[in-house]
Every structure is written in structure tokens, then in C-alpha cells.
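Worksheet for the structure shown next.
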Amino acid sequence: MTFSETKITLARLESTMKDVAERTTIVEQQMADTHQRVSDTEDQQHRHERAIRYLLKREAKVSAKCEDLKSRARRNNLRVYGIREGEEKNDMIGFVTTMIHTALNLPADLDLGVERAHRSLTTKPKETEPPRSIIVRFWDYRVKDRILQEAWKSNGVVYRDKKVFFDQDYTAEVQKKRKEVREVIKQLKEKKVKAVSPFPAKLKIYTSTGVNMFYTLSEAAPTLKQMGIHVTADERENLREKMLRNTWITRAKKGREGALSTVDLQ
């Protein structure tokens with residue numbers, strides 16, 4: 001190879017290396033840009049996750065507060081189950097006053113102070129279907145409590161040859177949870193295990209080793225599983241419980257929850 005050929009070859013090699021170096025620089029810049037975009041995306045995702053956690057916890061607390069307020073609004077109420085449709089004629093207050101006095105043998109001079117009473121606001125059932133419950137509201141919640149205690153102490157309340165039942169006027173959410181707990185209690189009783197459901201929808205299990213109290217079925221699930229009882233976990237309820245118990249939100253000196261800044265929502 002002559003000197004001129006070698007020089008041409010070296011020039012080509014130098015040009016190729018320069019081209020490779022330029023391309024490498026471009027690729028490195030693209031990688032740096034990509035890394036920055038990924039980093040920015042991750043930061044944004046973390047801010048969004050924090051905002052979502054904050055909003056979910058706020059929603060859970062507001063829902064719990066609303067449920068508590070609805071329960072408090074029903075403090076003076078009770079429900080009566082088993083009264084045939086139409087027995088009240090056109091005087092529901094007079095009917096329930098007489099019925100309660102008669103069915104529970106209360107003193108004749110006891111003023112029940114019924115504020116109002118009506119059937120549950122559902123479609124009137126067919127004659128072959130169970131009657132709607134009667135919701136009774138008293139001026140004094142202590143009278144309601146006395147009536148419930150008398151009813152629960154009785155070995156079955158009978159009115160006009162029909163069994164009637166008295167209970168608290170639970171919210172729809174509490175009724176749903178209590179129904180689920182009752183199903184579990186039924187299964188426990190089949191296994192000869194004593195269990196009750198304290199207000200609002202707790203589960204208390206009596207075993208040879210002691211008494212276990214669970215505030216939700218989700219909390220009781222592991223113990224129930226050991227007993228051969230499987231409960232379906234409500235994902236929304238589980239998330240709600242976690243949000244209410246989570247302490248990730250920082251507290252200000254005044255004890256208020258730290259609010260999200262504008263940066264958190266960007």
C-alpha cells in the first residue's frame with residue numbers, strides 16, 4: 001500500500017470515527033433526555049398518588065361523618081317488624097301507641113310521646129309477602145330505649161296472634177353490614193360457636209380461649225378462615241378502612257391535617 005493510499009484510508013477512518021462520535025453524542029443526549037422525562041414522569045406520578053391518597057382519605061372521613069350524622073338523626077327512632085299491612089287504619093300514631101302498650105304490658109300512664117310514625121318507604125308488598133316495617137319516632141330517646149329493652153327482655157312479643165319484633169332504626173349501610181354479620185353468626189352457630197353482633201355491626205366471638213371482638217368482617221376474616229368460614233372481602237370497604245387508619249398525612253402544630261400545595265397537584 002502506497003503512502004497516498006494509506007493517507008486516504010486513515011482519512012476515511014478518521015471521518016468514520018468522527019461520525020461515530022457525533023452519533024454517540026446524539027444518542028447520549030437522547031438517553032439523557034429520556035432519563036429526564038422518566039424522572040419527571042415518576043415525580044408527577046408520586047404527586048398524583050399523594051393527591052389521590054389525600055382525596056380518598058378525605059372521602060372516607062366525610063363518608064364516615066355522614067354515616068355518623070345519619071345514625072344520630074335516627075337516635076329517637078325504632079322499627080317494628082311483623083305488623084300486618086293496613087292494621088293501622090288511618091291513625092298510625094294512635095295505632096302504634098296502643099300496640100306498644102298492649103304488646104309490652106307497659107304502664108297505662110306511661111306517655112310514649114310518639115312524634116310520628118309511618119311504614120318504611122318501599123313499594124307496598126303483595127299479601128303473600130312480609131309486611132313493611134313501621135318506623136316510629138319518639139320525642140324522648142329514653143322512652144325508645146326503654147321500649148327496646150322491654151321488647152328484648154320478653155320471650156317473644158306477640159300482638160294479635162302475630163309475632164312482632166322491635167329493633168333500632170339502622171341506616172341502609174349499617175343494615176347491609178349487620179345482614180352480612182348475621183350470616184356469619186348463623187354459620188358460627190352451626191359450628192356450635194357462640195357469637196353476637198354489638199352495635200353497629202361488630203362481631204363478638206366466644207371461644208374456649210376467650211372472647212374476640214372484631215369491628216369489621218374484613219378484620220375477622222383470618223380468624224373466620226381458621227374456623228372454616230370464608231367471607232368475601234369488600235375491596236372498597238377495605239380501602240376505606242386503610243384510609244381511615246393510615247397516618248401518612250402530616251399534622252400541623254394546631255393539629256389540623258396538612259393540606260396539599262399547588263405543587264402537589266401539578
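Return the Rg/Rh ratio of the range 173-233 with Cα-based radii and a Kirkwood Rh.
Working: Rg = 10.5 Å, Rh = 11.4 Å.
Result for the range 173-233 is an Rg/Rh of 0.92.
Using just the Cα positions, wrap the range 75-169 in a convex hull and report its mean projected area in square nanometres, one decimal place.
Mean projected area of the Cα convex hull: 6.0 nm².
Calculate one ³J(HN,Hα) per residue across the range 136-141 by plugging θ = phi - 60° into the Karplus curve 6.51 cos²θ - 1.76 cosθ + 1.60, and present them in order as whole Hz with x for glycine and proline.
Karplus-based 3J(HN,Hα) across the range 136-141 equals 10, 10, 10, 5, 10, 5 Hz.
Under a 5 Å amide H to amide H cut-off, with H placed in plane at 1.01 Å, what residues pair with residue 115 once short-range neighbours are removed?
Result for residue 115 returns 137, 138, 139.
Compute the helix-to-body angle for 92-104: its Cα long axis versus the longest principal axis of the chain, expressed 0 to 90° and rounded to tens.
70 degrees
Quick one: compute the contact order of the range 75-169, relative version, from alpha carbon pairs under 8 angstrom and 6+ residues apart, as a percent. Walk me through the numbers before you get to the answer.
Values: 143 pairs, mean separation 42.4, N = 95.
Reported relative contact order: 45 percent.
Can you tell me the order of 133-142, 217-226 when each peptide is scored by its average per-residue count of other Cβ atoms within 10 angstrom, highest first?
Ranking, from highest mean packing down: 133-142, 217-226.
Taking residue 191 as the anchor, which lysines have their alpha carbon closer than 22 Å to its alpha carbon, excluding any fewer than eight residues away along the same chain?
Straight-line reach from residue 191, under 22 Å: 177, 179, 202, 204, 225.
Less than 12 Å Cβ to Cβ from residue 136, Lys/Arg counted +1 and Asp/Glu -1: what total charge do the surrounding residues give? Could you put the intermediate results ahead of the total?
On the way: positive: 74, 79, 116, 119, 137, 144; negative: 88, 115, 167, 169.
Around residue 136, the surrounding residues sum to +2.
Among 15, 154, 208, which one moves the most in a GNM of the chain with springs linking Cα atoms closer than 10 Å?
15
Could you line up 57, 162 from fewest to most neighbouring Cβ atoms inside 10 Å?
Working: 57 19, 162 13.
By the 10 Å Cβ count, ascending: 162, 57.
Positive end of the charge dipole of the range 75-169 (Lys, Arg +1 and Asp, Glu -1 on Cβ, about the Cα centre): tell me which of 159, 130, 114 has its Cα farthest that way.
It is 130, whose Cα lies furthest towards the positive end.
Using Cα pairs under 8 angstrom and six or more residues apart, how large is the relative contact order of the chain, in percent? If you can, show how the numbers build up before the last one.
Values: 249 pairs, mean separation 49.0, N = 266.
Reported as a whole number, the value is 18 percent.
Ranked highest first by average number of other Cβ atoms within 10 Å, how do 186-193, 92-99, 172-179 line up? Working shown, then result.
Values: 186-193: 12.2, 92-99: 17.0, 172-179: 15.2.
My ranking of the peptides, most packed first, is 92-99, 172-179, 186-193.
So if R0 is 30 Å, what FRET efficiency would residue 11 and residue 39 give, r being the distance between their Cβ atoms, rounded to the nearest 0.05? Numbers along the way, then the final one.
Numbers: r = 42 Å, r/R0 = 1.39.
E(calc), rounded to 0.05, equals 0.10.
How much of the calculated P(r) for the chain lies past 32 Å, in percent of all Cα pairs? Walk me through the intermediate numbers first.
Numbers: 19157 of 35245 pairs.
In whole percent, the share of Cα-Cα pairs in the chain beyond 32 Å is 54.
Output ³J(HN,Hα) for the range 37-51: one whole-Hz value per residue in order, computed from phi by the Karplus curve 6.51 cos²θ - 1.76 cosθ + 1.60 with θ = phi - 60°, and x for Gly and Pro.
5, 4, 4, 5, 5, 5, 4, 5, 4, 4, 5, 5, 4, 5, 5
For the range 180-197, just list the computed ³J(HN,Hα) in residue order, Karplus coefficients 6.51, -1.76 and 1.60, θ = phi - 60°, integers in Hz, with x standing in for Gly and Pro.
After applying 6.51 cos²θ - 1.76 cosθ + 1.60, I find 5, 5, 4, 4, 5, 4, 4, 5, 5, 5, 5, 9, 6, 10, 6, 8, 9, 10 Hz.
Only the coordinates and a few stated rules stand behind these numbers; no lab work does. Everything quoted here is computed from the prediction, not taken from an experiment. Cβ coordinates were reconstructed from backbone atoms using ideal geometry, including for glycine residues, and neighbour counts include every protein chain displayed.
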